[in-house]
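The values are calculated or read from the model by the stated rules, or taken from the named source; none is laboratory data. Because the structure is predicted, anything quoted here is derived from the model rather than measured. We place every Cβ from the backbone using ideal geometry, glycine too, and count neighbours over all the protein chains shown. Protein only, heavy atoms only, side chains kept; ligands, DNA and RNA dropped before computing areas. Shrake-Rupley method; radii C 1.70, N 1.55, O 1.52, S 1.80 Å.
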Amino acid sequence: MADLALWQYLVIALLFVWGGFVRSGLGFGGAVLTLPFLLMVHNAPLVYLPIISVHLLLFSALTIAQAHVRSRGRGAVADGPVQTSVNWAFLRYALPLMLIPKLIGVAGVITLPATVVSSFIFVVVAVYAISYILQRPFKSNSRRLDAFFMILGGYVSGTSLIAAPLVVPVAASRVARHELRDTLFVLWFVLVAIKLSAFAWTGIDLQWRHHIWLLPCAAVGHVLGLRFHDYTLRADTGLFFRVLGAGLLVVSLAGLARMVAQALS
C-alpha cells in the first residue's frame, strides 16, 4: 500500500472502522463485510488479510476477557457460580471438523493468484448478501449437512476469512443468543491464529507498519460495535441486515464485473 492516493488511504481507514464495528457488534462479518470494499479500493487480498487477522486476534481476546470479568462480577454479586458467555460444547464439535479443511484453504490462499482469491471472495459475499436480503440464511436440520457446512466453512476460512455465511447458521441453531458472539470469537481466534502462523512461516508480509494507523481505526469501530451488540440483544435488526445485504450485493457484483473486465482485457 505504499503508492496509493490519499483518498484511498482515507477510504481504507474508514473501512477498518466499519470492520471493527461489525466484528464486535455481531461477532462475525468483520472480514466478509469489509473485504469486498477493500478490494475495490486496492485489489490485494494478501495485504489486507494479515491486518484483519491481527485485529481479530486482538479484539476478540479483549472482548472475551471483558465478558469473563463481567460474568465473574455478576457471579460475585449473586453469590453463585460464574456463568460463561462461551459455549465450549459447540467449540468441541466445530474445531475437529474445521481444522484440516482450514489448513488446506490456507495453502490455497498462499499459492493462488490474487484475482482468483478476490473473485472467490466476491462470489461468497454475493451469496451471503442475497441471504440477508431474503432473510433466509443457510439453515439445516440435518447433522450431516451441519457437518458439511462446518467443513466447507473451515476451507473458506482458510482461503479468505469469510466462513461466517456457513458457520453462523449452524452455531445459531446450537448456541444461545447471548453466547453466540463470544463463542464465535473463540472459534475465529483459533482459526485465525493458524492462518496468521502460516503467513509468518511462509514469509508473507504481515504489514506491521500499517497497523500503526489502522489499529486505532479498528479500535474506534470496536467501541461502537460493543454498544451496537447490546442493542441487538434487545431489538429486531432485520431491516439493518436487509439494507446491508443490498449494499454488499451491489459491491460484490461490481467487483466481479471488474474481475471479468480485467480478464478480458
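For the range 10-40, the set of residues classified as free of Cβ contacts under 8 Å to residues at least 60 places away in the same chain and either open to solvent by 10 Å² or more (accessible area, probe 1.4 Å) or within 11 Å of the chain's Cα centre (by Cα) (or both) consists of L10, V11, L15, G30, T34, listed by residue number. Checked against the criterion of being over 28 Å from A200 (Cα atoms), in a helix (DSSP H, G or I), at pLDDT below 80 and more than 19 Å from the chain's Cα centre (by Cα), the range 105-128 has no qualifying residue. For R72, the stated conditions do not hold, so it cannot be described as part of a helix (DSSP H, G or I), at pLDDT 90 or above, among the basic types (K, R) and open to solvent by 10 Å² or more (accessible area, probe 1.4 Å). When you scan the range 10-24, do you find a residue that is part of a helix (DSSP H, G or I), among the polar types (S, T, N, Q) and farther than 21 Å from F122 by Cα, even just one? Looking for residues that are part of a helix (DSSP H, G or I), among the polar types (S, T, N, Q) and farther than 21 Å from F122 by Cα, one finds at least one in the range 10-24, hence yes.
Of the residues T159, T202, T183, only one is surrounded by 22 or more Cβ atoms within 10 Å (Cβ to Cβ), farther than 28 Å from Q66 by Cβ and polar (S, T, N, Q); which?
T159
Summed over the range 53-69, the residues that are modelled with pLDDT under 85, surrounded by 15 or more Cβ atoms within 10 Å (Cβ to Cβ) and of a type in the set (V, I, T) give a count of 2. Scanning the range 89-111 for residues that are open to solvent by 70 Å² or more (accessible area, probe 1.4 Å) and touching a residue at least 24 places away in the same chain (Cβ under 8 Å) turns up I100, L103, I104.
Identify the residue in the range 32-69 that is hydrophobic (A, V, I, L, M, F, W, C) and not in a helix (DSSP H, G or I) and, among all such residues, is farthest from L248 (Cα to Cα). Checked the range 32-69; the qualifying residue farthest from L248 (Cα to Cα) is A44. Just to be sure before I move on: is A200 assigned to a helix (DSSP H, G or I) and free of Cβ contacts under 8 Å to residues at least 40 places away in the same chain in the structure I sent? Yes: the conditions hold for A200.
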